[in-house]
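**Student:** Before I ask anything, here is the structure I am working with.
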Amino acid sequence: NTIAKVNSAVHRIIPIINNGLKKLKIPGGYLVVTQKDKVIAVVSFGNNTVSSNNPKPVDDYTVFPVSSVSKNITAFVVGALVDAGIIKWDDKVRKYDKNFFLHSEELSDKLTIQDLISHCSGFKHFSAIDAFKYLNQKPGVFRKYYGYQNIIFGLIGDILEKATGEKYEDLVKKYIFDKMDMKHSSAIDLKYEKSRMGHMKYLLERFK
């Protein structure tokens, strides 16, 4: 039976996860196995923060930062607003920020929401936005070169706020969390993110 097979697999994977958390110096984690709308197995690991930050065991209400998964969340919100006719994929960034400048006047005028979402601005991976105006973009790479971005992707949040007059975190709540009955999730609402400081301390300790 399916549940028996899943439980057997979970039993075998638990020591692997524990070993991985220890090697990567991650204080805790959570494993959930679902099938359609049913939860088949749940296992918590370790604590919600590092030992120097008053740790508590991971439980059903521990908030985990999703890091770069926030890009997927943002993309879902963009898609919802496109479906609602509020914005368009090919809307130019300068439609919402007339002073936007990215390396050259030509590129600055062409860059669209879709370019931001798809990481196809033509810049190298993890380029810093403060340095964009000084970087030389390779000829012919705009919309042809994939360069994973953090900061430039963040421009989308500002665009969404200007297009709707609503805060980014409220848009995420409206179009994702509320619709999926995610009552213990938030975009940046600190009252739900009691482990955020613990998360930052974990990062600092991990990369010493």
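**Student:** Under 9 Å between Cβ atoms, at least 6 apart or on separate chains: pull out the pairs that start in segment 93-117 with a residue that is farther than 26 Å from residue 73 by Cα and touching a residue at least 24 places away in the same chain (Cβ under 8 Å) and end on any residue that is open to solvent by 10 Å² or more (accessible area, probe 1.4 Å) and hydroxyl-bearing (Ser, Thr, Tyr).
**Tutor:** What qualifies is 103/134.
**Student:** Quick one: count up the residues across segment 122-165 that are open to solvent by 70 Å² or more (accessible area, probe 1.4 Å), more than 21 Å from residue 95 (Cα to Cα) and modelled with pLDDT of 75 or more.
**Tutor:** Result for segment 122-165: 1.
**Student:** Out of all the residues in segment 166-181, which are within 20 Å of residue 91 (Cβ to Cβ) and open to solvent by less than 40 Å² (accessible area, probe 1.4 Å)?
**Tutor:** 171, 172, listed by residue number.
**Student:** I'd like to verify a number: residues in segment 4-55 that are part of a helix (DSSP H, G or I), under 24 Å from the mean Cα position of the chain (by Cα), among the hydrophobic types (A, V, I, L, M, F, W, C) and modelled with pLDDT of 90 or more, how many?
**Tutor:** 2
The values are calculated or read from the model by the stated rules, or taken from the named source; none is laboratory data. Computed from a predicted model, the values in this text were never measured in an experiment. Here Cβ is always computed from backbone atoms with ideal geometry, including for glycine, and neighbour counts include all displayed protein chains. Note: accessible area is taken over every heavy atom of the protein model, side chains too, but ligands, DNA and RNA are not part of it. Shrake-Rupley method; radii C 1.70, N 1.55, O 1.52, S 1.80 Å.
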